[in-house]
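Structure first, commentary second.
The values are calculated or read from the model by the stated rules, or taken from the named source; none is laboratory data. Fair warning: this is a prediction, and the values are worked out from it, not measured in the lab. Here Cβ is always computed from backbone atoms with ideal geometry, including for glycine, and neighbour counts include all displayed protein chains.
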Amino acid sequence: MCGIIGYTGPLSAKRVLLDGLSQLEYRGYDSSGIGFFDSDFSVKVIKTTGKVARLKELCRDVPEEVHCGLGHTRWATHGGVTQENSHPHQAGRVTLIHNGIIENCHQLTTDYHLEGKLRSQTDSEVAAWVLDALYDGEPLSSIRRLIPLLKGSYGFCILFSDHPGEIYAVRNVSPLVAAYTRSGSVIASDLTALIPYTRSYTVVPEGFVVKLTPYRMTFYDEEGNQTNAETMEVNWDTDSARKNGFPHFMLKEIHEQPEALKNTILPRLTQGLPDFKADGIGDELFRECSRIRIVACGTAMHAGMVGRALMEPLLRIPVQVSVASEFRYEDPVIGEDTLTIVISQSGETIDTLAALRLARERGSRVLSIVNVKGSTIARESDYVLYTHAGPEIAVASTKAYSVQLAALYLLLCRMALVRGKMTREEGKEFVKDLLDAVPAMDAMIGQSDVIKTVVRPVVSRQDAFFIGRNLDYAFSLEGALKLKEISYIHADAYAAGELKHGTIALIADQVPVIALATQDSVFSKTISNVREVKARGAYVILIAKESAPVETGAADAVIRIPDLHDRFTVFPIAVVLQLIAYHASVLKGVDVDQPRNLAKSVTVE
Ligand code: AGP
């Protein structure tokens, strides 16, 4: 979604803002701009469609002596990709950048007679003009009068032309983090743009107004009283957010998975069994629920599908997975007896946040699995299980998926122990098998070149199919999403037994089929399905265990994974599926880390 950065202090604001926008490019965008107090204290705006590199060109003549300004990367929601629609927006004495959606902008346009004033089609410009109409020379009270008029999500950073050197900000749902540092005061939509300047930061509390000057950062609560806000420590280093020599963030993050898995699992083991005391999650949460609902989007939802496929058979209670954006329309049967597990890497996905709020309204207790500390979803959950994958920059989620799985496996094991579905010995065996996934992932990372070779015939195709049975089907969902979102090859995941009920009509000569056959109990049936597609000319990549009895010629390529217990094959498989997508994208020459139309954190509904 949109990227935001604001700075005021002794450094060159041009440099801070443009560097910050470069750090935020990963969020996905289509235009960018900066607004700043020029050396004559007038507010100037430079903005353009296209990449930040183009904006830097246009800012070449901005003096280094500029010390206060705002920067924005726009991911179009209201209004197309045009220069007028890009941010910052200027409205009288107000210059504003915005991340989010103002749902009642049309009503405000009418109420404030803005029809003749608007130069863009954006909700953000409407907000700027309304604020200008309310502005009486006092920023704080003017912003306070604006807030109740708005419906929807916003993260605003604002300059008032008669308050040089000062930045004001306020948020509702959309994220904002801020810090006062020796280099001045800085605010951004996420930590990636902040960590070059600070290791301590504050998540701007919703509804609070923050005022930044070169010498201090001040928070004002809903009543306008000066107040304090919690400071947190960054647990990422700058390098983590850089490529460390890899050609793409995605490949770096694929390689980081074994370490991420260990960092997520090991701190939660006591005597070889899962222990969530340090996370503030007590066993009563697992003992008292009689049903589980998992809610998430995209890759996080696919992790939830794997969790469900394991939980229900073992715990013997209903476990359902809902797509977050549909959850609110399902009028779900959930209540105090339901444990809702919300999964989100960014902790800012608005569909998932809305689902979380609905679950809580219905009396369900919410446990979230989140990778970004202090994110909105984390702060609104009853319990949080942080994954420790470090910053995930590539739009395509990889290490976040595997640590979400690890967290779900730990939860499953703890729940089974608490509910008498697993003995301590079985629990220790389960955890040992889980830890065996770490070297297994390493082994598949080592197969990257082999995988690149078998992917070549896929690259020229329009369509590809991922098939599997039982857990392999749940695993295949993520493979299809990865391939389509970064290589633009249309891919679908199918229960292998379902193909013959229609889809097999699409299997023709050289149509790629990636078949997962790692579940012993259904191995022979899956191989039969492989034969069916092979007989129709498919190009088959078969993923099977080291010891699986695969006949010569059964597939065009066989990728062997280590002999793990069936329940744990998802971890090496995940690496294979990620590398299939990664190499397809690289071979097609498209943007691996910032695929078209996509954003890293989807903060619009
Ligand atoms: C993952 O590859 C996708 N980019 C996307 O589906 C993502 O998983 C989804 O938007 C959910 O994001 P979250 O985990 O930050 O909530």
Within the range 341-366, considering residues that are in a strand (DSSP E or B) and within 15 Å of the ligand (Cβ to nearest atom), the one nearest to ASP190 (Cα to Cα): SER344
So which of ALA359, ALA324, ALA396 ends up being within 30 Å of GLU25 (Cα to Cα), among the aliphatic types (A, V, I, L, M) and in contact (Cβ under 8 Å) with a residue 60 or more places away in the chain? ALA396
Quick check on my filter: what residues within the range 453-505 are in contact (Cβ under 8 Å) with a residue 40 or more places away in the chain, touching a strand residue (DSSP E or B) at 6+ places or on another chain (Cβ under 7 Å) and charged (D, E, K, R)? ARG461, ASP463, ARG469, ASP472
Count - residues of the range 481-522 that are among the hydroxyl-bearing types (Ser, Thr, Tyr) and either surrounded by fewer than 19 Cβ atoms within 10 Å (Cβ to Cβ) or part of a strand (DSSP E or B) (or both): 4
Based on what the data block shows, is VAL570 more than 33 Å from the chain's Cα centre (by Cα), hydrophobic (A, V, I, L, M, F, W, C) and on the phi < 0 side of the Ramachandran plot? no
Sole residue being of a type in the set (Gly, Ala, Ser) and within 16 Å of the ligand (Cβ to nearest atom), chosen from SER585, SER521: SER585
Cross-chain or 6+ apart pairs with Cβ under 8 Å, the range 108-119 first and charged (D, E, K, R), then surrounded by 12 or more Cβ atoms within 10 Å (Cβ to Cβ): GLU115/THR109; LYS117/ALA91; LYS117/TRP129; ARG119/GLU84; ARG119/GLU125
Enumeration of residues in the range 373-403 that are in contact with a Ser or Thr (Cβ under 6 Å, 6 or more places away or on another chain), buried (at least 24 other Cβ atoms within 10 Å of the Cβ) and closer than 14 Å to THR264 by Cβ: THR387, TYR401, VAL403
Any chance the range 226-237 includes a residue that's closer than 20 Å to SER153 by Cβ and either modelled with pLDDT of 85 or more or β-branched (Val, Ile, Thr) (or both)? yes
I'd like to know if the range 3-16 contains one or more residues that are closer than 22 Å to GLU605 by Cα, touching a residue at least 24 places away in the same chain (Cβ under 8 Å) and not β-branched (Val, Ile, Thr). yes
Please return the ranges of helices (runs of 4 or more DSSP H) entirely within the range 238-325 where 2 or more residues are within 16 Å of the ligand (Cβ to nearest atom) and crowded, with 22+ Cβ neighbours inside 10 Å. 249-255, 257-265, 298-315
Which numbered condition VAL540 misses (of (1) assigned to a helix (DSSP H, G or I); (2) more than 16 Å from the ligand (Cβ to nearest atom); (3) modelled with pLDDT of 95 or more): (1)
All-but-one check, ASN529 against (1) assigned to a helix (DSSP H, G or I); (2) out of contact with any helix residue (DSSP H, G or I) (no Cβ under 7 Å at 6 or more places or on another chain); (3) under 28 Å from LEU310 (Cα atoms), failing number (2)
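One line per residue, one yes/no per condition, for (1) closer than 17 Å to ASN172 by Cα; (2) surrounded by fewer than 19 Cβ atoms within 10 Å (Cβ to Cβ); (3) out of contact with any His (no Cβ under 6 Å at 6 or more places or on another chain); (4) not hydrophobic (A, V, I, L, M, F, W, C):
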{"position": "CYS68", "(1), (2), (3), (4)": "no, no, yes, no"}
{"position": "THR73", "(1), (2), (3), (4)": "no, no, yes, yes"}
{"position": "GLU84", "(1), (2), (3), (4)": "no, yes, yes, yes"}
{"position": "GLY100", "(1), (2), (3), (4)": "yes, no, yes, yes"}
{"position": "HIS113", "(1), (2), (3), (4)": "no, yes, yes, yes"}
{"position": "LYS117", "(1), (2), (3), (4)": "no, yes, yes, yes"}
{"position": "SER124", "(1), (2), (3), (4)": "yes, no, no, yes"}
{"position": "ILE147", "(1), (2), (3), (4)": "yes, yes, yes, no"}
{"position": "SER153", "(1), (2), (3), (4)": "yes, no, yes, yes"}
Of these, THR338, THR299, which one is of a type in the set (Val, Ile, Thr) and under 19 Å from the mean Cα position of the chain (by Cα)? THR299
Just to be sure, is ALA474 within 16 Å of the ligand (Cβ to nearest atom) and under 28 Å from VAL513 (Cα atoms)? yes
Any helices (runs of 4 or more DSSP H) falling wholly within the range 58-150 and containing at least 3 residues that are over 21 Å from PHE208 (Cβ atoms): 105-111, 123-134
